[in-house]
1. In whole Hz and in residue order, list the ³J(HN,Hα) couplings for the stretch 83-95 that follow from phi through the Karplus curve 6.51 cos²θ - 1.76 cosθ + 1.60, θ = phi - 60°; x for Gly and Pro.
2. Check the straight Cα-Cα distances from Lys55 and name the aspartates and glutamates below 13 Å, setting aside those fewer than 8 residues away within the same chain.
3. Let me know the charge dipole size of the chain about its Cα centre in debye, to the nearest 20, where only the beta-carbon of Lys, Arg (+1) and Asp, Glu (-1) is charged.
4. Could you give me the ³J(HN,Hα) list for the stretch 281-292, computed from phi with Karplus coefficients 6.51, -1.76, 1.60 and θ = phi - 60°, whole Hz, x at Gly and Pro?
5. Anything over 24 Å Cα to Cα? Flag those among Lys124/Lys621; Lys288/Lys365; Lys288/Lys308; Lys124/Lys150; Lys124/Lys365; Lys538/Lys602, in the order listed.
6. Is the stretch 222-286 best put as rounded, prolate or oblate by its Cα gyration tensor, with a ≥ b ≥ c the root eigenvalues, rounded for a/c under 1.5, and otherwise prolate when a/b is larger than b/c, oblate when not?
7. What are the residues whose amide H is under 5 Å from the amide H of Phe379, where those residues sit 5 or more places off or on another chain and H is modelled from the backbone?
8. Give me the angle, in degrees from 0 to 90, between the Cα long axis of helix 505-525 and the longest principal axis of the Cα atoms of the chain, rounded to the nearest 10.
Amino acid sequence: MYLRQQKQLAERIRAALRSLYQIADETVVLEQPPELAFGEYATPIAFELARRLRKPPRKIAEEIVAALGSVPGFASLELAGAGYINARLDRGSFVQSFAASAEVPAPDRPIHALVEHTSINPNKAAHIGHLRNAILGDTFVRLLRAAGHKVDVQNYIDNTGVQVADVVVGLMHLEDLTLASVEELMDELAEDGERIDFYCWDLYARVSQWYDADPAEAPARRKLRLDTLHAIEAGGNDTAHIAELVSTAILRRHLETMLRIDIEYDLLPRESEILHLHFWDLAFEQLKAKGVLYLETEGRNKGCWVMKRAGSEGSTSLEEESRSGSPVPPVPPVRPAPDEDAKVIVRSNGTVTYVGKDIAYHLWKFGLLGRDFAYRRFFSYRDRECWISAVTGEPDHPHFGGAQAIYNVIDSRQSDPQANVIEALRGLGYTEQAAHYTHFSYEMVALTPRCALELGYDVSPEDQARPYIEVSGRKGFGVKADDLIDKLVAATRAEVDSRHPELSEAERDATAHAIAVGALRYFMLRFTRNSVIAFDFKDALSFEGETGPYLQYAVVRTRSIFRKAGSTPEEALAALSGVDVAPYLSGPGAEGIWEVWLRAAKTTLLLDQCIQTAEPAYLAKHAFQLAQDFSNFYRLHHILSEEDPVRKKLLLATAAVTQRELIRSLAWLGIGAPEVM
């Protein structure tokens, strides 16, 4: 509602600018004043036009306000200071309209977006850092869909990479297992209720340390690792079969883990198919034909196919545009000396780097490769299937790829590879696609020393004094995602059992699970993506402060109000129809009521901002602020004992609109709202 009024006001100002000054290209910035005393919107447009029009800002502001006249939904437009224009909403009509409808405006240009997230190497159990990736990606998917966009969710599986090779080395050379004995091992683990991803968690740490444990053996062991990797990439041998067997089983476990926190996928594209379907061959020809790649003949990269690194002098991202506005076609520069900083795409031995395969994959994502995967069903959700890439597959599958916008949720350490993929797209002439390729980066998740101690790790006095402790899968120091979820559920279940013994076993399980997932997801979302997170159980599970349980409890409190009132939120909102509540929205004691309505009405504005900035933390903060505003309102206004019938209707409707917008915000964050806590 707030966003709708904002757009309406901006359009009226643009119309005034066209009429007054024949200006049709000006962006109208509408700000939110720091205090409600100044209104609900403010614009500095007069200051921005002063030099262009050669008039004082206040004079311009006067002319604009006069031209605007009366704007529907607004009580007044006023001059402020040296040229600001403040706008005040008609509070009564605003509340009436918002109570009746809370629809999300349809996007001006709906897009087909592809969001890639999670993308865990299938060599061991998922850990706490993977949870941040998956929760960020899943939340952004929910935001895009809520805004009316079509979204495909992909989880890229690097099943032929070095991490999988390390586990295969461990199985074959530390455990002395053959293909047949690996199959037997997996059967035994299943019979004993043990998990292959947990087994490989320990094995991966062991083999990582084994490579360098004996300096004399280190070169031979590293060569063994490389030979294993090449065998997996080649396929058609026992080593590759072991890799396929183990990585597929671990992948299935990853999907089960993520489903525990309500995360689902549409497609699992695998690197093995990118290799076996020769995606790279097609991409390589395009890159050579356009001059993006060149064969280095001198220096340390001699014999390699390389490209200008993104951001370097001469890269397409720094090329000037022609006078027509279209990009200048990349011209291979004169190279008096080898570019030692060039990005290697194909090594001198003919193997393709990660970035090379990623370029081919992203050409497919945008529908620019000229080749497709085959597909088969892999994992069943409650109401749909998750598909996996294949060399040969099933005929009746959904269409994947061909997206208009791509969002890759990949940690900030991969910024350089991501930038080089974008650079390659630009070099190929796909500037529109490069402009809609977003590296949705984020920082790492660490543990507070207190959390590490609670998990049973030995923490030195020096580490206990630090703000956080980094985790390391190679060293075996970290938190398995399932262990973390189990611990959160156990803690919340104990609390639910003590508070609500009257609930059935199933109800207590469901309530504990909802609170645990809410605590985890909100903790991962409350921090902006460029912040390092230090996870802590006590902080995440607190019912006070900026936590998921605090928001869920705010919803539970509103439900209690309606149970005691013998009414429903829907009835309370409908009861405002035709009632003049304007006198109750201004004056002494009314600001707290209006603040709740105004905050609640900004939910769709926050949805829009989160998508524009690719930052879900803004919605998390908004939900917390709405819960705080309601808490302040609830302390000051005695809803159930209010004697004025019109005022009571407004107070009940205030609780109802809070509940509606909190539940909606939580749903977009992937957080449920339990009936009790």
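Each reported figure results from applying straightforward, stated rules to the coordinates on display, with no laboratory input. In this text the structure is predicted, and so the values were computed from the model without any measurement. Methodologically, a virtual Cβ is constructed for each residue, glycine included, from the backbone with ideal geometry; neighbour enumeration extends over all protein chains shown.
1. Whole-Hz 3J(HN,Hα) from phi for the stretch 83-95: x, 6, 10, 9, 10, 10, 6, 7, 4, x, 5, 4, 5.
2. Glu63
3. 2520
4. Karplus values, whole Hz, x for Gly and Pro: 4, 5, 5, 4, 5, 4, 5, 5, 4, 8, x, 6.
5. The pairs that break the limit, which is 24 Å between Cα atoms, are Lys124/Lys621; Lys124/Lys150; Lys124/Lys365; Lys538/Lys602.
6. It is oblate, given that a/c is not under 1.5 and a/b is not larger than b/c.
7. Hits under the 5 Å cutoff: Cys386.
8. 90
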